[in-house]
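K.L.:
Dropping the structure in here first, questions after.
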Amino acid sequence: MTDTKENVPRGVRPNLPKRPAMDGDAWEQIQAEQEKMKEREFVRFSVFKVDPAWRRLSPEERATHKDEFESVVAGLVREMMIYSYALVGTRGDADFLLWQAARDMGQLHDLASALNQTGLGGYLSLAHSYFAMTKRSIYLNRYEQEYVQTYGGAEVLDSARVAINPQGSEYLFVYPMAKIRDWYKLPHEDRQRMMDEHIRVGHQWPDVKLNTTYSYGLDDQEFVVAFESDHPGRFLDLLMALRLTEASAYTLFDVPAFTGLARSMRDTLDSVG
């Protein structure tokens, strides 16, 4: 049989079908799912460490760097979500965190590229980075009505499935996590039962908001969870209670953990030096 690709120059795609060979109904279902995907968001948590040499620059040069960095963020925040958090005083290996969300992955790339080209960018190292997407949880169906009663109408629920909506709390608590493989071998009914317990425990702390994003195949972890609260003690008590649930035994890892203080971009940079 003649290889139809043998005369195709390197780096040039041969003429390929516009869609896989499948029946019309299956293709229409895929297209419908692709349309839904457009509403989901790409999420990134970027954790930065500033080179101590930057603090030895003159106050004037540091101020210029801050102005430039802040200007880049301000220019893109109209197109995507960017929240800044100071880690000074809570982590020894990092100084600040940027929580980002965008419908277009390219926007996350543009932000990272622009920040790299700033004066401050030359003194930054990316201590940790977590990439994920929003996705509707398969375990929350029976709790939809309770969510609507707590947070608002059905349109709020629809948005919460696919979009990040920070509540503006004073603190953000972030960590990556993954389940052991035995979790995925369990029947769905068993996993649902354990997650029901997990969710019931979480609802005892309604002032602590959970934002779960999914990283399967996109990054090294399976999830990135971000809790928002005005009271660190409330978050601590919630996590202790969740450790006692049956589902917790199936956790492979849930570190490193970051405690960030919500600050403006300028205040965040000022805390560094």
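K.L.:
Please find the FRET efficiency linking Gln167 to Leu252, where r is the Cβ-Cβ separation and R0 is fixed at 35 Å, and quote it to the nearest 0.05.
P.N.:
Once rounded, the FRET efficiency stands at 0.75.
K.L.:
Suppose the chain between Lys179 and Ile138 were pulled fully straight at 0.36 nm per residue; how much longer would it get relative to their current alpha carbon spacing? Kindly include the intermediate steps, with their values, before the conclusion.
P.N.:
Numbers: separation 41, 0.36 × 41 = 14.76 nm, distance 1.55 nm.
Working it through step by step, the gained length comes to 13.2 nm.
K.L.:
Further question on the same structure: Where in the stretch 105-129 does the amide nitrogen come within less than 19 Å of the point 7 Å from the Cα of Thr64, taken along Cα to Cβ?
P.N.:
The answer is 115-124, whose backbone nitrogens lie closer than 19 Å to the label point.
K.L.:
Right, next: Give me, ordered by chain and number, the residues 5 or more places off His128 or on other chains with an amide H under 5 Å from its own placed amide H.
P.N.:
Answer set, sorted by chain and number: Val47.
K.L.:
A further question follows. Tell me, what is the Rg over Rh of the stretch 42-133, with Rh the Kirkwood radius over Cα pairs?
P.N.:
Answer for the stretch 42-133: 0.96.
K.L.:
Shifting gears a bit: Once fully extended, how much extra length lies between Arg243 and Asp190, figured as 0.36 nm per residue of separation less the alpha-carbon to alpha-carbon distance?
P.N.:
Details: separation 53, 0.36 × 53 = 19.08 nm, distance 1.79 nm.
Roughly 17.3 nm would be gained on extension.
K.L.:
Please state, to two decimals, what the Cα-based radius of gyration of the stretch 159-273 comes to when divided by 2.2 N^0.38 Å (N = residues).
P.N.:
1.17
K.L.:
With the cut-off at 1.5 for a/c, could you classify the stretch 86-136 from its C-alpha gyration tensor as rounded, prolate or oblate?
P.N.:
Oblate is the answer for the stretch 86-136, as a/c is 1.5 or above yet b/c matches or exceeds a/b.
Only the coordinates and a few stated rules stand behind these numbers; no lab work does. Just so it is clear, the structure is predicted and the values come from calculations on it, not from any experiment. As a convention, Cβ positions derive from the backbone with ideal geometry for all residues, glycine included, and neighbour counts pool all protein chains shown.
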